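Q: The structure under discussion is supplied below as structure tokens; questions concerning it will follow.
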Amino acid sequence: KAGLVGHVHGVEGRIASGWIALGARERAGAIVFDMRSFRADTPDARRALRLDGQVDASTQQQTNANMLGPEVLDVARHPTAGFEIQSALPAAARQGGPPAYDLVGTFTLKGVRRPLTVRAELEDHGAAVVLRGMFPIRQTAFGMKPYAKFGGVVGVADDLRIHGDLWIPKAAPSPQPAVGPTALQPASPPR
């Protein structure tokens, strides 16, 4: 939220494909985000970000049209975004916190490539591990025009925080033993 009127948005999207090799010093992975799947203010997205209240369907539709349209994500021309991970090395964990990894690579959004480092914490969930991280972006750095209406009274900030949960299965999905990188679960939503 940037204006005087409106609310903080929570956006949910899906991973199209990906793989990651934790501990790798080079060629550590790639994640492809399905930008067409991004939806604003879903109950799951608002809950994940601990945002109060619900947003009516009409407001969600309008927000999605603006977000997916040509001035912001332009999904008609850029249906995917990506994170090429050069290295995924262990990092210092928070005191008393779970193990952490620094994912270092290049983030591509709307055709613009920028270096990116994400500190991701590792949580064990039985059959899968979850990498949970957050990184900031500036919309204008990726060629997006932050939404504004009524001279900025209603608007979205240029600076955004991207939160993500990557679910990585511990076992190979087929009866063959897992070798090399581990595939990400495609249904995992980055938030």
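Q: Take the residues in the range 13-38 that are under 14 Å from the mean Cα position of the chain (by Cα) and surrounded by fewer than 20 Cβ atoms within 10 Å (Cβ to Cβ), then tell me which one is farthest from Lys170 (Cα to Cα).
A: This residue is Arg36.
Q: For the range 56-71, give me each residue that is in a helix (DSSP H, G or I), open to solvent by less than 40 Å² (accessible area, probe 1.4 Å) and either over 20 Å from Phe33 (Cβ atoms) or not hydroxyl-bearing (Ser, Thr, Tyr) (or both).
A: Hits for the range 56-71 are Asn64, Met67, Leu68.
Q: Related question: Filtering the range 77-95 down to residues that are of a type in the set (A, V, I, L, M, F, W, C) and farther than 10 Å from Met35 by Cβ, which residue is modelled with the lowest pLDDT?
A: The extreme case among them is Ala93.
Q: Could you check how many residues of the range 135-166 are part of a loop (DSSP other than H, G, I, E, B), modelled with pLDDT under 65 and among the β-branched types (Val, Ile, Thr)?
A: 1
Q: Can you report the number of residues in the range 90-122 which are open to solvent by 50 Å² or more (accessible area, probe 1.4 Å) and either in a strand (DSSP E or B) or of a type in the set (S, T, N, Q) (or both)?
A: Result for the range 90-122: 8.
Q: To continue, here is another question. List every residue pair whose Cβ atoms sit under 6 Å apart, with the two residues 6 or more apart in sequence or on different chains, where the first one lies in the range 74-85 and is within 14 Å of Gly13 (Cα to Cα) and outside any strand (DSSP E or B) and the second, anywhere, is modelled with pLDDT of 95 or more and open to solvent by 70 Å² or more (accessible area, probe 1.4 Å).
A: Correct list of pairs: Val75/Arg36; Pro79/Arg36.
Q: A further question on this structure: I'm trying to understand the selection: among the residues of the range 39-55, which are open to solvent by 90 Å² or more (accessible area, probe 1.4 Å), out of contact with any Asp or Glu (no Cβ under 9 Å at 6 or more places or on another chain) and in a loop (DSSP other than H, G, I, E, B)?
A: Of everything in the range 39-55, those that are open to solvent by 90 Å² or more (accessible area, probe 1.4 Å), out of contact with any Asp or Glu (no Cβ under 9 Å at 6 or more places or on another chain) and in a loop (DSSP other than H, G, I, E, B) turn out to be Arg50, Asp52.
The values are calculated or read from the model by the stated rules, or taken from the named source; none is laboratory data. Just so you know, these numbers come straight off a predicted model, no measurement behind them. Here the Cβ is made from the backbone with ideal geometry for all residues, glycine too, and neighbour counts use every protein chain on show. Areas reflect the complete protein model, heavy atoms only, side chains present, ligands, DNA and RNA absent. Shrake-Rupley method; radii C 1.70, N 1.55, O 1.52, S 1.80 Å.
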